[in-house]
Each structure stands twice: as structure tokens, then as C-alpha cells.
Amino acid sequence: MYEEDVPYVRRRIDFIGSEICRQADQYRQTVKAGQSVISTTIKTCPKCAGTLHLKTGRYGKFYGCSGFPACRYTERFN
Ligand SMILES: [Zn+2]
């Protein structure tokens, strides 16, 4: 009985393993898609109608205006 079960258990483990890999791939693709969405999202500066770019400053990420330094508008990055 036990020996008959072994191939089944092996297949089961293989299946679960490949399923985890598949889901991890999907997750990575979703993350990648999310990142490209963020980087291609165009935010407009409400002060000068310039483009806001994602920048990394001393306190973390923030959106800075393309009109900097004339325009010092910034927006928090969530
Ligand atoms: Zn601006």
C-alpha cells in the first residue's frame, strides 16, 4: 500500500512545486508590470504644468517638478 503511494506522492510534490514556480513567475510579472506602470504614469505639476519625475532624496522617494529649480513643487511618493 505504502509503496504504491510513493509515485503518487512524488507526482503530488512535483505538481505543487511547479505550481509554486508558476505563481512566483506570475507574481514577478505582476510586480514588473506594476513598476512599469508607475514609471510610465505621467504626473503633471499643478503649479507650472511641468512633468513630475520620481526622484530619490534624503527622505526617500518623491516626485519633483521638471521645472526645478524655478518650480520647487514636490509630491509625496506613496
Ligand atoms: Zn512645477
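Quick notes
- Scanning the range 54-65 for residues that are exposed (fewer than 14 other Cβ atoms within 10 Å of the Cβ) and within 11 Å of the ligand (Cβ to nearest atom) yields nothing.
- Close pairs (9 angstrom Cβ cut-off, 6 or more residues apart or separate chains): more than 15 Å from residue 64 (Cβ to Cβ) and within 16 Å of the ligand (Cβ to nearest atom) in the range 30-53, among the polar types (S, T, N, Q) and at pLDDT 65 or above anywhere: none
The values are calculated or read from the model by the stated rules, or taken from the named source; none is laboratory data. Quick caveat: nothing in here was measured; it's all calculated off a predicted structure. All Cβ positions, glycine included, derive from the backbone under ideal geometry; neighbour counts span all protein chains shown.
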